[in-house]
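To keep things clear, I will list the structure first and then write my remarks on it.
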Amino acid sequence: MTRIYETFSPEETRALGKSLGLKASPGDIVCLNGDLGTGKTVLTKGFAEGLDIQDDVVSPTFTIIREYTDGRLPLYHFDVYRIGDIDEMDELGYEEYFFGEGVTLIEWSNLIAELIPNRALRILIEKDPAKGDDYRKITIRQPEG
Ligand code: ADP
Ligand code: MG
């Protein structure tokens with residue numbers, strides 16, 4: 001099933017993330033793709049809010065993973081933009097996260113496509129210059145079954 005949303009401000013994207021976070025279950029995997037600056041981290045902040053996480057969510061670009069454990073479920077926030085080699089994911093022990101009891105959210109997941117389980121929720125965020133700086137088209141694809 002594919003749903004398409006349009007947002008016109010960071011707050012709206014954050015609210016969409018929050019609605020997803022509210023519904024999240026243990027073991028969920030959420031993939032976030034889209035160019036730099038489209039709003040993957042903004043959506044993640046909302047998602048964390050939906051999980052009742054109070055800690056400030058900051059982009060894990062240089063650490064690849066940040067873990068938040070003060071919410072309803074643990075949140076494992078990956079940003080794999082700077083991953084050099086897929087073996088780095090093994091070194092990080094990614095399986096403990098992907099197949100753990102928390103919720104995994106991965107910015108730039110397409111860079112590690114072969115590691116993503118089929119059951120993952122896929123989110124793509126796109127700009128459209130014709131519709132203004134703050135416009136975003138957000139496509140959410142849920143696998144069948
Ligand atoms: P990414 O993680 O995809 O690189 P960020 O979430 O860090 O992007 O940044 C998105 C930027 O775009 C922020 O500066 C945010 O204020 C801005 N922005 C403008 N309009 C929107 C929108 N509709 N949704 C999300 N972010 C938006
Ligand atoms: Mg980001």
Q) For the stretch 1-123, what is the convex hull volume of its Cα atoms per residue in Å³? A) 102 Å³
Q) In whole Å, what are the Cα extents of the stretch 7-59 along the three principal axes, biggest one first? A) 28, 20, 19
Q | Per DSSP, loop trypsin sites (Lys or Arg not before Pro) in the stretch 37-85 with at most 12 further Cβ within 10 Å | A | none
Q: Can you tell me the 0 to 90 degree angle between the C-alpha axis of helix 40-50 and the longest principal axis of the chain, rounded to 10?
A: 80 degrees
**Q.** Most mobile of Thr44, Thr104, Thr69 in a GNM of the chain (Cα contacts under 10 Å)
**A.** Thr69
Q. In the chain, carbon and sulfur make up what percent of the accessible area (probe 1.4 Å)?
A. 48 percent
Q. Under 14 Å from the Cα of Lys131, which aspartates and glutamates turn up, not counting those fewer than eight places away in the same chain?
A. Glu6
Q) Out of the stretch 75-111, which chymotrypsin sites (Phe, Trp or Tyr not before Pro) are coil in DSSP terms and have no more than 15 other C-beta atoms within 10 Å? A) Tyr81, Phe99
Q | Selected from Pro117, Pro60, Pro74 as most flexible by GNM, with the chain as the system and alpha-carbon contacts under 10 Å | A | Pro117
Q: Can you work out the accessible area per residue across the chain, with the rest of the protein chains kept in place, probe 1.4 Å, in square angstrom?
A: 53 Å²
Q) Based on DSSP H runs of at least 4 residues, each adding -39500 (n - 2.57), what is the mean residue ellipticity at 222 nm of the chain after dividing by all its residues, to the nearest 500 deg cm²/dmol? A) -6500 deg cm²/dmol
Q) Out of the stretch 92-145, which trypsin sites (Lys or Arg not before Pro) are coil in DSSP terms and have no more than 14 other C-beta atoms within 10 Å? A) Arg119
Q | Reach of Lys18 by Cα under 21 Å, taken over lysines that are not fewer than 8 positions away in the same chain | A | Lys40, Lys45, Lys127, Lys137
Q: Name the residue, out of Ala120, Ala130, Ala15, whose mean-square fluctuation peaks in a Gaussian network model built on the chain with Cα pairs under 10 Å.
A: Ala130
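The values are calculated or read from the model by the stated rules, or taken from the named source; none is laboratory data. All values reported here derive from a predicted model rather than from experimental measurement. Every residue, glycine as well, gets a Cβ built from its backbone with ideal geometry; the counts of neighbours run over all protein chains shown. SASA here: full protein model, heavy atoms, side chains in, ligands and nucleic acids out. Shrake-Rupley method; radii C 1.70, N 1.55, O 1.52, S 1.80 Å.
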